[in-house]
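Note sheet for the following structure.
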Amino acid sequence: MQFPKRLLDGYRAFRSGRLKSEQDRYRELAETGQSPEVMIIGCCDSRVSPEVIFDARPGELFVVRNVANLVPPYETGGTYHGVSAALEFGVGVLKVKHIVVLGHAHCGGVKAFAEETSPISPGDFIGRWMSLIAPAADRVGPRGDMSSAEYLERMEKASVINTLQNLKTFPRLNKLIERGEVKVHGAYFGVALGELSVLDPETGEFWPMKPTE
Ligand SMILES: [Zn+2]
């Protein structure tokens with residue numbers, strides 16, 4: 001069998017370890033269904049797993065991940081809309097109370113857009129998808145004297161703000177946001193130090209959260 005050994009080893013560790021303490025919870029969730037209060041829109045990046053960062057148990061987070069944690073603006077064309085479908089399910093069916101857009105440092109998608117590196121080209125999937133951050137790039141402005149690292153961090157953070165704005169283009173969700181029934185949040189994960197910063201919507205600044213109380 002070609003199934004990756006790393007996954008089988010991990011599965012066995014899960015069965016003999018974590019499942020033991022979570023068995024009742026899994027059983028209950030299987031019977032009653034899931035009712036997570038938080039939806040996370042995160043990046044596919046293997047270093048930025050929301051369940052790990054937020055120490056989440058089964059059933060607690062409804063997660064959609066895509067390249068560079070983006071949400072396209074609302075549209076109802078005839079094509080397929082994976083993120084929009086997840087949003088519809090999270091908001092309409094699960095009735096999540098919070099939506100967190102989780103950006104991160106060293107995002108390959110943002111870097112590919114900013115530096116027009118391979119495999120970016122207008123006809124490629126990544127190129128088309130990453131064109132969604134063009135408004136964020138406009139917000140940041142020209143790179144000027146900024147170092148590459150500083151420019152990319154600004155782009156990553158501006159993209160989170162832009163994605164939060166795109167969420168408000170979904171009419172039903174926007175109504176819930178205006179009524180305070182759904183709260184949206186921007187966050188940013190610094191990979192090297194494992195540091196989480198949260199967006200202050202008033203100032204547009206991301207502030208590091210205290211790691212302990
Ligand atoms: Zn990323």
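The values are calculated or read from the model by the stated rules, or taken from the named source; none is laboratory data. Owing to the predicted nature of the structure, the values given are computational and were not obtained by experimental measurement. Heads up, the Cβs are rebuilt from the backbone with ideal geometry, glycines too, and the neighbour counts pull from every protein chain shown. Note: areas computed on protein heavy atoms with side chains; ligands, DNA, RNA excluded. Shrake-Rupley method; radii C 1.70, N 1.55, O 1.52, S 1.80 Å.
Things worth noting here:
- In region 75-113, residue modelled with the lowest pLDDT [restricted to those that are of a type in the set (Val, Ile, Thr) and under 13 Å from the mean Cα position of the chain (by Cα)]: VAL83
- Condition check for VAL52: assigned to a helix (DSSP H, G or I), free of Cβ contacts under 8 Å to residues at least 40 places away in the same chain, within 16 Å of the ligand (Cβ to nearest atom) and within 23 Å of SER197 (Cα to Cα): yes
- Candidates ARG47, ARG27, ARG15, filtered to the one that is within 16 Å of the ligand (Cβ to nearest atom) and open to solvent by 80 Å² or more (accessible area, probe 1.4 Å): ARG47
- GLY190 within 30 Å of VAL93 (Cα to Cα) and either at pLDDT 95 or above or among the hydrophobic types (A, V, I, L, M, F, W, C) (or both): no
- Region 114-131 - residue that is under 18 Å from CYS44 (Cβ atoms) and charged (D, E, K, R) and, of those, modelled with the highest pLDDT: ARG128
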